[in-house]
Amino acid sequence: RSFDGRVVATEVDEGDPASAIVRIAGQVNEPLVTMASHLRTGLSRLVLGSIAMRVVSFIDCPVLIIGQRVPAAATPVVEVRRALVPLDGSPLAEQALDAVMAIGFSQLHIVLLYVPEPGARDRPGERGVDPDAYLMAVAARLKERGFTVETAVRQGKPPGTIVAAADELGADLIAMTTHGRGGLRAVLMGSTVEQVLHAATRPVLLARPRGEGVK
């Protein structure tokens with residue numbers, strides 16, 4: 001297969017695949033791990049059997065996952081132009097922006113999406129977030145860095161709404177942050193990330209949190 005003149009190195013390892021991937025990525029400067037994952041149904045299969053999910057749970061660099069619903073003829077990763085980044089008002093969620101910018105896609109158009117969590121405003125002590133004002137503030141910081149940015153607010157259950165918005169807005173990938181605490185089950189069970197991975201028709205870029213969000 002042709003890689004358009006790019007430098008390619010190969011390595012063969014023995015043992016547990018997930019452990020080997022994490023180890024080799026640790027030897028590379030600013031790595032991005034790209035994996036295909038079938039994400040078969042069944043919780044025990046998902047949590048215990050997916051090499052991709054084990055890698056996401058333990059690796060420090062971003063992981064780009066090509067799920068089973070992503071068409072084989074989808075736009076190659078090197079041609080990513082539009083990245084959908086779901087935000088929830090937290091610095092942790094904004095870490096996905098750090099991962100997207102660090103990869104250095106050329107002429108990147110970032111779409112910031114906010115999906116209000118159902119019932120959040122009705123919970124005792126819950127501080128309301130003005131979605132439009134919040135997104136505009138984040139967009140302003142990104143524009144100062146030279147990115148083209150648009151914002152969108154959608155209503156509905158976050159996982160399905162995120163996947164539908166990616167299709168509607170023509171995103172080439174979805175970028176999200178995992179909370180990365182409490183082990184693999186805590187990362188995946190019942191999480192928005194896990195549900196998006198199952199349903200997405202675009203590659204999903206996952207990043208574990210590190211420090212603070214976009215400044």
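The values are calculated or read from the model by the stated rules, or taken from the named source; none is laboratory data. Since the model is a prediction, treat every value here as computed from it, not as a measurement. Methodologically, a virtual Cβ is constructed for each residue, glycine included, from the backbone with ideal geometry; neighbour enumeration extends over all protein chains shown. With ligands, DNA and RNA removed, areas are computed over all heavy atoms of the protein, side chains included. Shrake-Rupley method; radii C 1.70, N 1.55, O 1.52, S 1.80 Å.
To the nearest 10 square angstrom, what accessible area does S90 show with a 1.4 Å probe?
My reading of the accessible area for S90 is about 30 Å².
Rolling a 1.4 angstrom probe over the protein chains, ignoring ligands and nucleic acids, what is the accessible area of I65 in square angstrom, nearest 10?
0 Å²
With a point put 7 Å past each Cα toward its Cβ, work out how far Q155 is from S90 in nm, to one decimal.
Label at Q155, label at S90, 2.4 nm between them.
To the nearest 0.05, what FRET efficiency results for T34 and A164 with a Förster distance of 30 Å applied to their C-beta separation?
Using R0 = 30 Å, I get an efficiency of 0.75.
Under a plain spin-label model, where a point goes 7 Å from the Cα along Cα-to-Cβ, how far apart in nm are A20 and E117?
In this crude spin-label approximation the distance works out to 3.9 nm.
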